[in-house]
Amino acid sequence: MNRFAFISLLVVAPLMASPLTWETLVKSADEDLRYQASQKRANIASSRNTKLWEKLELRYKLDGFSFASHDFELRLTPKPFGEGSADRAHYEAQMAYANAQLAEDRGILLYDRYERGIHYLMRQRIQRLNQELYQVNSDRIEVLHMKAGSASFNPQDLMSALEKEASIRAALISDSNSLQNSERKLRVWIPDFEGVELDSSWLPSMEEIESQLSGGIEVTDDYPQLAMAKGKMDSEKARAKQDVASRQDYISHIGIGYSMKIESLMKKYKDLDYKDVVAGVYSDYYDEYMEKGGCSEYDTNPLGEQVCVSYNEKYLLTKLVDDNDSRRTRDKFFATLAIKLPFFDSNKDNDLRNQVADLDAEGDYMAKLRDVNVKVNRLVEQINGYLAQWKVQKDFVDKVKEGNIFEQFAKDAGSDPLLLLRARESAIESELNAAKLETTIYDLYLELLQYAGKLSKEGVQNHLVGGLK
């Protein structure tokens, strides 16, 4: 290995060997492809172009295939009356919906990460308690083997201890598999880490959770699911207003144009009489005019030539001749205006359809509001119930740790180690039950935070401690 490759390995190795912490776990949500896609969608929804008119078009008209006359018109279709406010309301509703969707997506991503991190920590704690329980049961088996053959020996106690050993061993295997599965799930989000260093200090205490729920939970429109439902309702209503406004196009269009004529290509048919052909621009047609019958009486001159002495001024010679554009410059411009007559237009069916759409949108929102209320209240009720059970288990564990129960057991047991082991086992089992209850409470509390949108907040280091504030 060359020196450059060795130095690169030394630089990369610490990065790959960094442990997994809560900070890196939470930060990984911002780098998730789902969240980035949701951010792009929200950015697109928040971008809005001001609509100054409905349609702007340039029209061209070729007047005749001689290509001598051309009309150009710039036609503007103004926005219908009330469409600007309807568009603005629809834009704001769409933006609110997109932001709520972004918050919901971020909440889901952080929920998965917090849930897996809490599960890993609590499973480690349960595994430690199961190991302690396994050790106490092993000591009981050893004592029972030592008492074999004595008058106080009961084979049934030994059989129960052996059965319990198998049960605890199965629980330890389940704990180990669960921790491995959790670590694999964590590596999906953060592939390269060496060891898990999730600090239990990130978890709020049971007393803190109880304090946050003591005043009850008020469900508001800030909850992402309700914000999405409200955004959808407002969007439907705004779309209905847009539909109504779109029919208020009383001015169909306003236009200004320019009529251009190319004189070199201009021709027209003209009826030429005697005055036109005897002199001036059309004198070239004199012979043709005379030949066609312009002379009504002929005579002979002294040279013997026949000449016309009387002309038929009513005779006309029709010829295609050059033309010119004699209009003033201002007369070459023209304006157009189209006004819609709404008196003969019936929109009763559309109005009824819009009213039904509004009622449907309000119904969907009310259904979602009721659903979220029911789920939130149920979660609060479940958490309070588990907290009451946890207090009972915790009180017993505290008494055991203080030594009061052990002292009483020591007085009653005398020299009987089985009774002391039973007291120790009872304390561990109570602590194990308390740990399982805490796991359930954390799961429900985390779900409550997601409903309330607290996991969606950006710039928060620890959403669990921040809680419902």
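The values are calculated or read from the model by the stated rules, or taken from the named source; none is laboratory data. Here the structure is a predicted model, which means the values were calculated and not measured. Quick reminder, even Gly has a Cβ in these numbers, built from the backbone with ideal geometry, and neighbours come from all protein chains shown. We work out accessible area using only protein heavy atoms, side chains counted, and drop any ligands, DNA or RNA first. Shrake-Rupley method; radii C 1.70, N 1.55, O 1.52, S 1.80 Å.
Below is a table of values for the structure above.
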| quantity | calculated |
| --- | --- |
| Pairs from LYS51/LYS232; LYS275/LYS319; LYS27/LYS454 whose Cα-Cα separation, in the structure shown, is over 18 Å | LYS51/LYS232 |
| Cross-link partners of LYS292 among aspartates and glutamates (Cα-Cα below 17 Å; sequence separation of 8 or more within a chain) | ASP271, ASP273, ASP276, ASP284, GLU313 |
| Gained length - ARG88 relative to GLN306, 0.36 nm times residue gap less alpha-carbon distance | 69.5 nm |
| Cut-off 20 Å, label 7 Å out along Cα→Cβ of GLU23, residues of the stretch 156-189 by amide N | 187, 189 |
| Aspartates and glutamates whose Cα lies under 15 Å from that of LYS230, excluding same-chain neighbours fewer than 8 positions away | GLU92, GLU104, ASP221, ASP222, ASP358, ASP360, GLU362, ASP364, ASP371 |
| Theoretical ellipticity at 222 nm over the chain - DSSP helices of four or more residues, -39500 (n - 2.57) apiece, nearest 500 | -20500 deg cm²/dmol |
| q = 0.08, 0.09, 0.10 Å⁻¹: log10 I(q)/I(0) that the Debye formula gives for the chain, counting C-alpha atoms only | -0.80, -0.90, -0.99 |
| Separation in nanometres of the label points that stand 7 Å from Cα toward Cβ, at ARG184 and ASN462 | 3.1 |
| Percent carbon-and-sulfur accessible area, the chain, ignoring ligands, DNA and RNA, probe 1.4 Å | 53 |
| Cα-centred dipole magnitude for the chain, charges only on beta-carbon of K, R (+1) and D, E (-1), debye, nearest 20 | 700 |
| Distance in nm between pseudo-label sites at LEU337 and ASP398 (7 Å out along the Cβ direction from Cα) | 8.6 |
| Largest-first ellipsoid semi-axes for the stretch 164-208, taking √(5λ) over the Cα gyration tensor eigenvalues, angstrom | 25, 20, 8 |
| Computed lengthening from LYS261 to LEU352, 0.36 nm per intervening residue step minus Cα-Cα distance | 27.5 nm |
| Values of log10 I(q)/I(0), in the order q = 0.19, 0.20 Å⁻¹, for the stretch 156-304 under a Debye, Cα-only, solvent-free model | -1.24, -1.26 |
| The chain - share of DSSP beta bridges that are antiparallel (%, nearest 5) | 95 |
| Computed FRET value (nearest 0.05) for ASP322 with LEU74, which takes r as the C-beta separation and R₀ as 35 Å | 0.65 |
| Burial ranking of peptide ranges 172-183, 446-457, 290-301 (average Cβ count within 10 Å, highest at the top) | 446-457, 172-183, 290-301 |
| The stretch 26-138: radius of gyration and largest Cα-Cα distance (Dmax), Å | 30.8, 112 |
| Those aspartates and glutamates that a straight Cα-Cα span of less than 15 Å connects to LYS261, excepting residues fewer than 8 apart in one chain | ASP63, ASP71, GLU73, ASP322, ASP323, ASP325, ASP331 |
